[in-house]
Amino acid sequence: MELVKPEFGLIFWMVISFGLIMLILRKFAWKPILNMLHERETSIQDALDSAEKAKEEMKTLQSSNEKILADARNERDQLLKDAREIREKMIADAKGIATKEGERMLTIARENIQNEKMAAITELKNQVATLSIEIAEKILKSELSSDEKQKSLVNTLLKDVNLN
């Protein structure tokens, strides 16, 4: 039963031993341990603050990146729109030029056709006149081959002249 009921001397020496250990720990170990705990707490708090600051910077950078991407997309869209407008303008200009050139060529072709038509008509008239003269000459030669035919033609012409 001695283990269950300690004696006064054992308790006394245990309290003195415990007190001495506490003084020694307080003098040599407690302050360094508390300082180390305080430094650890400070470093942990600094790390948390740095992490929070980094998190805020990441949010700022992310919003900045999103803004830059949005600006880049807008600029790309504007460039594509400008390129489309330039392409459409070039196509419209080319169509206009082609239309004007086609109309000019049609006008020139019509003028050429009209000139060739007039030249052909003039040529045809000249040929008809030449043929008419040749035919009249042949008819006159055949009609006026004898003296009697010549006299009767002159008489007929004189009668026609007197009547008119």
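The label-point distance for SER146 and ALA70, in a model that sets each label 7 Å from Cα toward Cβ, rounds to 12.0 nm. Rounded to the nearest 10 degrees, the inclination of helix 8-24 to the longest alpha-carbon principal axis of the chain is 40 degrees. Length available on full extension from ARG84 to LYS31: 0.36 nm per residue minus the Cα-Cα distance, which gives 11.3 nm. Percent of Cα pairs in segment 108-164 per distance bin of 5 Å, from zero to the largest separation: 4, 16, 12, 13, 12, 12, 8, 8, 6, 6, 4, 1, 0. Spread over its residues, the convex hull of the C-alpha atoms of the chain is 301 Å³ per residue.
Against the chain, whose longest principal axis comes from its Cα atoms, helix 31-143 is set at around 0 degrees.
Over all other residues within a Cβ to Cβ distance under 14 Å of ALA109, the charged ones net out to -1, with Lys and Arg as +1 and Asp and Glu as -1. Placing a label point 7 Å from the Cα of LYS53 along the Cα-to-Cβ direction, the residues of segment 14-47 whose backbone N falls under 11 Å of that point are 46-47. Against the chain, whose longest principal axis is taken from its Cα atoms, helix 147-163 shows a tilt of about 70°. For the pair GLU101 and ALA129, label points projected 7 Å from Cα toward Cβ lie 4.3 nm apart. For GLU52, the shell of other residues with beta-carbons less than 12 Å away shows a net charge of -1, using +1 for Lys and Arg and -1 for Asp and Glu.
Based on the Cβ-Cβ distance from ILE139 to ALA119, what FRET efficiency comes out when R0 is 41 Å, to the nearest 0.05? Once rounded, the FRET efficiency stands at 0.85.
Take the Cβ atoms of PHE12 and GLU41, set R0 to 41 Å, and the FRET efficiency comes out at 0.60.
Here, each number is a calculation from the coordinates, and none is a lab measurement. Note that this is a predicted model, so its numbers are computed, not measured. Cβ: placed from backbone, ideal geometry, glycine included. Neighbour counts: every protein chain shown.
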